[in-house]
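Read the structure below first, then the notes.
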Amino acid sequence: MSRFTLNDRPVAFRMDPQTPLLWGLRNAANLTGTKFGCGQGDCGACMVIVDGEAIRSCLVSLGEIEGRSVTTIEALSRDRSHPVQQAFVAEGAIQCGYCTPGMIMAAAALLARNADPSAQDIVGALPNLCRCGVYPRVVRAVQRAGRVMRGEERIAAAPAPGIRPEDAARSVPAMQAGRSPDIRE
């Protein structure tokens with residue numbers, strides 16, 4: 001059994017200690033914001049923060065995490081108000097979104113130790129691969145998040161994505177009846 005702190009809560013995983021942290025997070029804890037990309041540590045989609053350091057969760061086992069503290073994208077800020085999350089939205093640094101959680105986690109770890117990184121610092125600290133090619137916007141987003149963290153700038157909060165669950169539930173009968181859904185029904 002592997003015991004560690006996960007998103008500020010003590011946990012014990014009853015899985016083989018050799019299981020990659022990635023699969024423990026996704027399959028046992030249902031924390032699917034940590035993405036499976038390559039499984040070889042090349043892409044960074046599975047990046048989490050362990051004791052303040054950005055690591056690829058596909059390369060570390062549950063046994064190696066014993067006694068440590070792990071933070072996933074789900075706990076960075078529950079309301080998406082972390083400066084890195086806000087800056088990624090504000091700078092349009094999200095395309096398909098698959099690599100985004102890993103980039104955000106790597107950026108958050110960087111900014112926790114250096115709130116004024118150069119473009120070279122950012123490129124070096126974010127080894128993530130992005131097939132959409134948003135790298136220039138990612139650098140701008142991380143620099144902007146740093147300004148926010150230093151108190152030099154403020155970003156208006158982005159609205160939470162999606163619609164309210166009760167609105168979605170009201171639209172289902174309309175769709176089943178062959179009508180187009182109307183959120184105001």
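Extension gain, ARG80 to ASP51, is 8.3 nm, computed as 0.36 nm per intervening residue step minus the present C-alpha separation. Listed from fewest to most Cβ neighbours within 10 Å, the set THR34, THR5 follows the order THR5, THR34.
Amide H contacts of SER61 (H built 1.01 Å from N, in plane; Pro and chain starts excluded): LEU21 sit under 5 Å, all sequence-distant by 5 or more or on other chains.
Counting every other Cβ atom within 10 Å of each residue's Cβ, CYS132, CYS46 order from fewest to most as CYS132, CYS46. Counted by Cβ distance under 14 Å from ALA145, the other residues give a net charge of +3, where Lys and Arg count +1 and Asp and Glu count -1. Globularity index of segment 83-149 is 0.94 (Cα radius of gyration / 2.2 N^0.38 Å, N = number of residues).
Estimated at 0.36 nm per residue, the fully extended path between THR32 and ALA12 surpasses their Cα-Cα distance by 5.4 nm. Sorted fewest first by neighbouring Cβ atoms within 10 angstrom, ARG3, ARG14 come out as ARG14, ARG3.
A convex hull fitted around the alpha carbon atoms of segment 9-151 yields 104 Å³ per residue. Taking each residue as 0.36 nm, the span from LEU129 to GLU64 lengthens on full extension beyond its C-alpha to C-alpha distance by 20.9 nm.
Only the coordinates and a few stated rules stand behind these numbers; no lab work does. Just so we're clear, the structure is a prediction, and the values are computed from it rather than from any experiment. Ideal geometry is used to build each Cβ from the backbone, glycine not excepted, and the neighbour counts take in all protein chains shown.
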